[in-house]
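Colleague: Here's a structure for you.
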C-alpha cells in the first residue's frame, strides 16, 4: 500500500515539475521576443519624434508678455493684483473666446513667482484642464480632476493590488499643489465635480475612501495610510475661465473667488493683432488690409486664422505680401460676418438722440433713439424694446413687464405731468436696429427724444445720454457707465450726460466731456437747442424748474 502512495507522490511531483519547467522555458523564449518588440516600438517612437511639422501660426503668435495681450490692460491689472501678493486668491475670469484669458493666467503666475512675499515657489506648477473634458466615473474609478482610488479588483492593480491594497491616484488638483490650476470653461463643470471641487478649495486637500482600505493591515505602505487618514495635499490657486455670464456660474463657487472681466476687442485692437500676426509669419500686410480683418474678425483668434489663410494663399502664388484681394477672398470663403463700427452722426435733429447701451461681454455701444409726434387721438407707441421678461429659478418663475417698458411708462407719466402729452397728439418712440432693448438706462434718452418731438426743438447731436428716469423727473443711476462713456468717445461724440450718482473721478481723463445731472430739467437745458415750432404752432420751450417742483421732480 505504501508503494502505491509513493508512486502517486512521484507522479504528482513529476507532473508539477514538468509544468513549471515548461512555463519557465516558455517565459525564457518570450523574453527575447518581448525585448525585440520593445526595441521595435522604441525605434518607431524615435522615428515619430523626429518628424515634426512647422509651428502653427496661432501658437507662433501666442503672447509671450503682457504687452502682447491687446486690449485687456484693466483685466491684467486686476489679475496681477489678486495673484501677485502675500495672499493670492482664487479667480474667475469672464470674457469672450480668443481674448487672451489663458495666456494672461500663465503670465500672471510667472509674474507672481517674482513678487515680494509670494507663497509661490520658482517651480510652482501651472496645470491646465478643460472642464468640458474632465470626464469622471460616478463610482470613483477614474477622476482626472480630483483623483481616484485604484482598488485591487481593477485590472492592472500591480503588486500592491495582489496584496489587496487600494492605491490613491492624484488628480489635477494635487498635481497643481503649490501652484495654479487653470480650469477653462469652468461653467461647464459637472455639478457633482463642482461640489467636490468646492470642498477641496475649502480644505486644501483631497480625501479618498475605499471599501478595501484596512487601517490595521501591515501590508499597506505608510504613505497610503497617510493619504487615507489625512488626505492628499491640494493647496493651489484656482483660475477659472468662462465665456458664460456671472449669473450662470455657481453662486457657491463665485463666493470663493475674486471675479475679473476681459472685454471683447474693438476693431482697431483686432487690426493690431492681425498686423502682428502677419509680421511674425514674415509676410507684409498694409494697414488698410489689417483694418479689413478688424471689421470681420470677432476676436484675436479669428484674426490670426484669417491672416494664416491669407498668407497661405499668397504663398501659393509665390508672394510674401498679403493683399486686400487675398483678405477679401478669405472673408468671403470663411463667411465671416461684418461687425461695423460706424461713427455717430453729430447732426442736431428733432426727435433723434444718442442713447448708450451695454451688450455682449460688457461692451458699450451707441444707439440711435427716435421719436415722432403728430396730431391724433392721444395714441402712444413704443417699439424696439422688450415687452415682457421672465425672472426667477426653474422652480419658481414669474413674468412681468420688462424694465425697459416700465421705464418708458415712467417717461410718459413725467411728460404728462409737465403738460407735454395731450389727448390730441400721437407719439411714437422707436429703437431702430432689430435687437430688442432691455433695461431702464434708456429712460433719460426716451424722455429727451420725446420732448424734442413734442416741442419741435432739436437735440444736441454731439452728446449721448444714459440714466433711468423716475416719474418725478429724477435721473437714477444705471450700470455699465464706464464702458458707455468709452463707446461714446470711440463714436466721435464730444459729451456724455450721466446720472450724478454714477460720476467717477476717472471720467476727468476719459477723453470726452462727462457731465453728471440730477434731474430731467438739467438734462433738457443741456440738450435742447433753439429750433422750429412744434406741430401745434407753439414753441413750448424747456420744462421749467418750478413746473418740475410742482410735479414733485425738483431737488
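Colleague: What order do you get for 160-167, 454-461, 211-218, 343-350 when each peptide is scored by the mean count of other beta carbon atoms within 10 Å, highest first?
Modeller: 454-461, 160-167, 343-350, 211-218
Colleague: Could you give the angle, 0 to 90 degrees to the nearest 10, between helix 443-455's Cα long axis and the longest principal axis of the Cα atoms of the chain?
Modeller: 30 degrees
Colleague: Run the quick spin-label model on residue 329 and residue 122: label points 7 Å from Cα toward the beta carbon, then report their separation in nm to one decimal.
Modeller: Label at residue 329, label at residue 122, 5.2 nm between them.
Colleague: While we're on this one: Once both labels are modelled 7 Å past Cα along the beta-carbon direction, what's the residue 406-residue 225 spacing in nm?
Modeller: The two pseudo-label positions are separated by 6.4 nm.
Colleague: To test your reading of the geometry: what angle, between 0 and 90 degrees and rounded to tens, separates the Cα axis of helix 300-316 from the longest principal axis of the chain?
Modeller: Helix 300-316 sits at roughly 80 degrees to that axis.
Colleague: Need one number: % antiparallel among DSSP beta bridges in the chain, to the nearest 5.
Modeller: Given both bridge residues lie in the chain, the antiparallel proportion sits at roughly 45 percent.
Colleague: With angles folded into 0 to 90 degrees, how steeply does helix 267-280 sit against the dominant principal axis of the chain? Use alpha carbons for both and round to 10.
Modeller: Approximately 40 degrees, to the nearest ten.
Colleague: Compare the peptides 106-112, 313-319, 296-302, 282-288 by average per-residue count of other Cβ atoms within 10 angstrom and give them in order, highest first.
Modeller: 296-302, 106-112, 282-288, 313-319
Colleague: What do you get for Rg/Rh of the chain when both radii come from the Cα atoms and Rh is the Kirkwood radius?
Modeller: 1.17
Colleague: Which distance in nm do the two modelled labels at residue 114 and residue 18 give, with both placed 7 Å along the Cα-to-Cβ direction?
Modeller: 7.6 nm
Colleague: Now for a different question. Could you tell me the center-to-center distance, by alpha carbons, between region 269-323 and region 417-431 in angstrom?
Modeller: 52 Å
Colleague: FRET efficiency for residue 317 and residue 247, Cβ-Cβ distance as r, R0 = 56 Å, nearest 0.05?
Modeller: 0.65
Colleague: Could you give the length gained by full extension between residue 526 and residue 345, i.e. 0.36 nm per residue of separation minus their alpha carbon distance, to one decimal place?
Modeller: Full extension of this stretch gives 63.3 nm more.
Colleague: What 222 nm value per residue comes from the helices of the chain, counting each DSSP H run with n ≥ 4 as -39,500 (n - 2.57) and dividing by all residues, nearest 500 deg cm²/dmol?
Modeller: Roughly -12000 deg cm²/dmol at 222 nm, from the helical runs in the chain.
Colleague: What is the packing order of peptides 229-240, 437-448, taking the mean over residues of other C-beta atoms within 10 Å and listing the highest first?
Modeller: 437-448, 229-240
We did not get these values from a lab; they are worked out from the coordinates using the rules stated. This one's a predicted model, so the numbers in the text were calculated from it and none came from an experiment. Neighbour counts are summed over all protein chains in view; Cβ atoms, including those assigned to glycine, are modelled from backbone coordinates with ideal geometry.
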